[in-house]
Every structure is written in structure tokens, then in C-alpha cells.
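Structure first, then comments.
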Amino acid sequence: METANETTSAPRARRRRLCPVCRSEAWRIAYGMIMPDQRATMPNTVFAGCCIEMRERRNPKTGERELGTPAWQCQNPSCGHEWW
């Protein structure tokens, strides 16, 4: 299933996701010990280490509080928005 945040012209592995806040490119967050040879097969991925934290945030569109584990991170340095 495709979402409005993904482009449809690229193969599945290379689709881009856009930040819902600033519309910059966002990368998937990977957790765990990922070996260098595996990392090489995962372009456009943020490697967050082994600690998975539940975070509370305000949804930027609705203003409601949400609890979850971030799965995406905006790559715009001035934004850095993370969401799940």
C-alpha cells in the first residue's frame, strides 16, 4: 500500500518519504546492533543503536499527545522531526 508521503515512480526500496512538518526527505530509523555489511545494504537509514525508547510528543498536525517509538526522522538539520 502506498501513502501520500511516498513517491510512486521509484522502486519500492528507493521510494522517498517526506517529513509531514517541513516536506524535506526523511529516513527510516533502524534499531539494534546492525553489522557494517548489513548497513551497506540499507541506504537512507538512521542507525539509532540498541536502546528503543517510548517517547511522548505532540502531533504537529492535530496537537494531540501521542506515545510511541519513532520510525522516521527528517533529514533537514533545522527540523529533525521524528514520528511513527
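What follows is calculated from the coordinates using simple rules that are stated; it is not laboratory data. What you are looking at is a predicted structure, and each value in this text was computed from that prediction instead of being measured. In this analysis, Cβ positions are derived from the backbone assuming ideal geometry, glycine residues included, and neighbour counts consider all displayed protein chains.
Please express the Cα-Cα pair-distance distribution P(r) of the stretch 17-77 as a list of whole percents, one per 10 Å bin, running from 0 to the bin with the greatest distance.
Reading the bins upward from 0: 20, 45, 29, 6, 0.
The stretch 37-81: which GluC sites (Glu not before Pro) are DSSP loop and have at most 11 other beta-carbon atoms within 10 angstrom?
Sites meeting the loop and neighbour criteria: 53, 64.
So for the stretch 17-77, averaging the separation of alpha carbon pairs under 8 Å that are six or more residues apart and normalising by length, what relative contact order in percent results?
For the stretch 17-77, the relative contact order is 40 percent.
Net charge around residue 32, counting only other residues with Cβ within less than 15 Å of its Cβ (Lys, Arg = +1; Asp, Glu = -1)?
Taking every other residue near residue 32 into account, the sum is 0.
Check each of the trypsin sites (Lys or Arg not before Pro) in the stretch 31-66 and keep only those in coil by DSSP with at most 12 other C-beta atoms within 10 angstrom; list them in order. Could the numbers behind the result be given before it?
Numbers: sites: 39, 55, 57, 58, 61, 65; in loops: 61.
Passing sites in the stretch 31-66 are 61.
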